[in-house]
Amino acid sequence: MPAFYDERGASVNRRERPPGPSGITDPKVSPLVLIVDDERSNLESLERIFAREGWRTASALGGAEALECVRRERPAVVVTDLMMPGMSGEDLLRAVKAVSPETEVLLVTAHGTVETAVSAMKEGAYDFVTKPVRRHAIVKSVRQAMERASLVAENRALRARLAELAPADADGGLLGTAPAFRAALDTLRQVAPASATVLLQSESGTGKELAARLLHRLSPRAAGPFVPVNCAAIPETILESELFGYERGAFTGATQRKEGRFERAHGGTLFLDEVADMSPSVQVKLLRVLQDGVVERLGGTQPVRVDVRIVAASNRDLAAEVRAGRFREDLFYRLDVVTVRLPPLRERREDVPLLAAAFLRRFAEQNRRPIAGFTDAALRALDAYPWPGNVRELQHAVERAVVLCRGEAVDVGDLPEALRGAAAAGAPAAPAGSLQVPLGTPLEEIERAVIRETLRQTRGDKNLAARLLGVAARTIYRKLDRDGEGRLLDPGEDDGPPRA
């Protein structure tokens, strides 16, 4: 019996579909609707209904095929049958929302599965339509889903644009132009709209909390709370109650119920900094929250459901911690969905003057000091220092210099002693446009240093850098690829000799 009817109750004509892919052409023509059903006749019926509305369509006979299409084409709407062999419509819904959060999903279901469809809506489905499907009902629902998808996309684009136009962050911590840093920032912006857990693996002082706040600000949870927790700063005996809360009488001094950080972050983002410092018992409880989405307060018996996005951070290599037996392997894989590495300041030296200037403006205004900038000697000292404390150390150094500065510009004498010592002990500063390399430096490292410095001098123009170095642009890509920097360059660029 046909599953699809027009508004008069007549069966939709099942004419053969014209040959050729349902593929995507210019996205400006119309939104794409992906139809998923294990019965080809149902696919063809819906394709004809949607074609009359001028919508482009793609079709899939199962969940796995549909998911590949979602990854490749990013459709505006997915219309899927609920009951399918293999991957069900509900399983497909969860997968689509993980891969393409902006895609709206409509479920087509029989009367006997309405309760399941309602449950799926709680997991993010836009709507469900019961069989037999009538033309006006499915068209109306898909059109509304398209409008919502369009609004969400516009809001996200506007939010990202505002983030680019606004100052990088209140303290300049996410300011920089170095290729490795911009790549990390691009990754953060790309994963922000999704619900996936993000792991920030970086040294102390590189701006992990600022990165977590950026993820929250650019996500659909931006209106919800952002709750940071420094796991290393809270004693082990207290961390568990801080995260999960406790009931009255759970322990001596627990005179009333207290919500934990997970409950306070409901609907928002929980930032777990220095997660490697968690004790094994807390790791076990965190794993359960990530698996089941529920917390249980200390002394309580009733689980509490929470809707929280986790952003974790560590200044240690968690994979190495797992190998050493100090961190649970199953928890590591739960956290390691998307890993972002923020480069240390010594790997983005071209950003030191930019960051220093931003900090100087901020602290000069706060302290009402008419300081114009840095002397050349001070800038050379800032550039020569290795910055083991990264951006945080630079921030404190500039704040100290602003407070102690007696002239119109910060000089070497205003900087901390460690910076003055490094500048005095080091070799004379290299002339502009040159690079100093210590004796004994491996040749490969020298090549990469020269390439990075040339890219800095050319402001990231790899074609110009290739001409200056006398190599092909692809050579630059290949040599930097070993450090993960090559992905910033287009491997499809000119592979021939450099152009004169």
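The values are calculated or read from the model by the stated rules, or taken from the named source; none is laboratory data. Everything numeric in this text was worked out from a predicted model, so none of it was measured. All Cβ positions, even for glycine, are placed from backbone atoms using ideal geometry, and neighbour counts span all protein chains on display. Quick note on the areas: whole protein, heavy atoms, side chains included, nothing else; ligands and nucleic acids left out. Shrake-Rupley method; radii C 1.70, N 1.55, O 1.52, S 1.80 Å.
Is one or more of the residues making up the stretch 317-334 part of a loop (DSSP other than H, G, I, E, B) and within 21 Å of SER219 (Cβ to Cβ)? No, the stretch 317-334 contains no residue that is part of a loop (DSSP other than H, G, I, E, B) and within 21 Å of SER219 (Cβ to Cβ).
Do you know which of the residues in the stretch 341-358 that are in a loop (DSSP other than H, G, I, E, B) and surrounded by fewer than 21 Cβ atoms within 10 Å (Cβ to Cβ) is farthest from the chain's Cα centre (by Cα)?
PRO344
Counting the residues of the stretch 378-391 that are of a type outside the set (S, T, N, Q), surrounded by 17 or more Cβ atoms within 10 Å (Cβ to Cβ) and within 13 Å of GLU203 (Cβ to Cβ) gives 3.
The residues listed here are ASP307, ASP292; of these, the one that is exposed (fewer than 15 other Cβ atoms within 10 Å of the Cβ) and touching a His at 6+ places or on another chain (Cβ under 9 Å) is ASP307.
Every listed requirement among (1) open to solvent by 20 Å² or more (accessible area, probe 1.4 Å); (2) more than 15 Å from GLU263 (Cβ to Cβ); (3) in contact with a strand residue (DSSP E or B) (Cβ under 8 Å, 6 or more places away or on another chain) is met by GLY325 save one, (3).
Which residues, counting only those in the stretch 267-285, are among the polar types (S, T, N, Q) and either open to solvent by less than 30 Å² (accessible area, probe 1.4 Å) or in contact with a Ser or Thr (Cβ under 8 Å, 6 or more places away or on another chain) (or both)? Matches in the stretch 267-285: THR269, SER279, GLN283.
So is LEU214 open to solvent by less than 70 Å² (accessible area, probe 1.4 Å) and under 18 Å from the mean Cα position of the chain (by Cα) or not?
Values: open to solvent by less than 70 Å² (accessible area, probe 1.4 Å): yes; under 18 Å from the mean Cα position of the chain (by Cα): yes.
Here the answer is yes, as LEU214 does meet what is asked.
Exactly one residue out of ALA95, ALA137 is in a helix (DSSP H, G or I), under 27 Å from PRO220 (Cα atoms) and either open to solvent by 60 Å² or more (accessible area, probe 1.4 Å) or among the small types (Gly, Ala, Ser) (or both): that is ALA95. Cβ-Cβ contacts under 9 Å between residues 6 or more apart (or on different chains), taken from a first residue in the stretch 394-410 that is over 19 Å from LEU345 (Cα atoms) and assigned to a helix (DSSP H, G or I) to a second residue that is of a type outside the set (Phe, Trp, Tyr) and open to solvent by 80 Å² or more (accessible area, probe 1.4 Å), are listed as VAL402/GLN366. When THR116, THR57 are checked against the criterion of being among the polar types (S, T, N, Q) and at pLDDT 90 or above, THR57 stands alone in meeting it. Inspect all residues belonging to the stretch 432-452 and state whether any of them is modelled with pLDDT of 90 or more, open to solvent by 40 Å² or more (accessible area, probe 1.4 Å), among the basic types (Lys, Arg) and under 25 Å from GLY176 (Cβ atoms). No, because not a single residue in the stretch 432-452 is modelled with pLDDT of 90 or more, open to solvent by 40 Å² or more (accessible area, probe 1.4 Å), among the basic types (Lys, Arg) and under 25 Å from GLY176 (Cβ atoms). Residues considered: GLU240, GLU321, GLU247, GLU274. Of these, the only one that is in contact with a Phe, Trp or Tyr (Cβ under 8 Å, 6 or more places away or on another chain) and in contact (Cβ under 8 Å) with a residue 24 or more places away in the chain is GLU321.
Just give me the residues in the stretch 38-56 being among the hydroxyl-bearing types (Ser, Thr, Tyr) and open to solvent by 20 Å² or more (accessible area, probe 1.4 Å), in sequence order.
Passing the criteria: only SER41.
Taking the stated definitions as given, is ALA166 at pLDDT below 90 and either of a type in the set (A, V, I, L, M) or under 24 Å from PRO75 (Cβ atoms) (or both)? Against the criterion (at pLDDT below 90 and either of a type in the set (A, V, I, L, M) or under 24 Å from PRO75 (Cβ atoms) (or both)), ALA166 qualifies.
Residue-by-condition table, conditions (1) aliphatic (A, V, I, L, M); (2) touching a residue at least 60 places away in the same chain (Cβ under 8 Å); (3) closer than 30 Å to VAL289 by Cβ; (4) out of contact with any helix residue (DSSP H, G or I) (no Cβ under 7 Å at 6 or more places or on another chain):
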residue	(1), (2), (3), (4)
VAL337	yes, yes, yes, yes
ARG346	no, no, no, yes
ALA358	yes, yes, no, yes
ALA364	yes, no, no, no
PHE374	no, no, no, no
LEU379	yes, no, no, no
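Does GLY89 satisfy the condition of being of a type outside the set (Phe, Trp, Tyr) and surrounded by fewer than 18 Cβ atoms within 10 Å (Cβ to Cβ)? Spelling it out, it is not the case that GLY89 is of a type outside the set (Phe, Trp, Tyr) and surrounded by fewer than 18 Cβ atoms within 10 Å (Cβ to Cβ). In contact (Cβ under 8 Å) with a residue 12 or more places away in the chain, within 20 Å of ARG143 (Cβ to Cβ), open to solvent by less than 60 Å² (accessible area, probe 1.4 Å) and in contact with a Cys (Cβ under 6 Å, 6 or more places away or on another chain), is that true of ALA76? No, not satisfied. For PHE332, state whether it is open to solvent by less than 70 Å² (accessible area, probe 1.4 Å), at pLDDT 90 or above, at negative phi and touching a Leu at 6+ places or on another chain (Cβ under 6 Å). Against the criterion (open to solvent by less than 70 Å² (accessible area, probe 1.4 Å), at pLDDT 90 or above, at negative phi and touching a Leu at 6+ places or on another chain (Cβ under 6 Å)), PHE332 qualifies.
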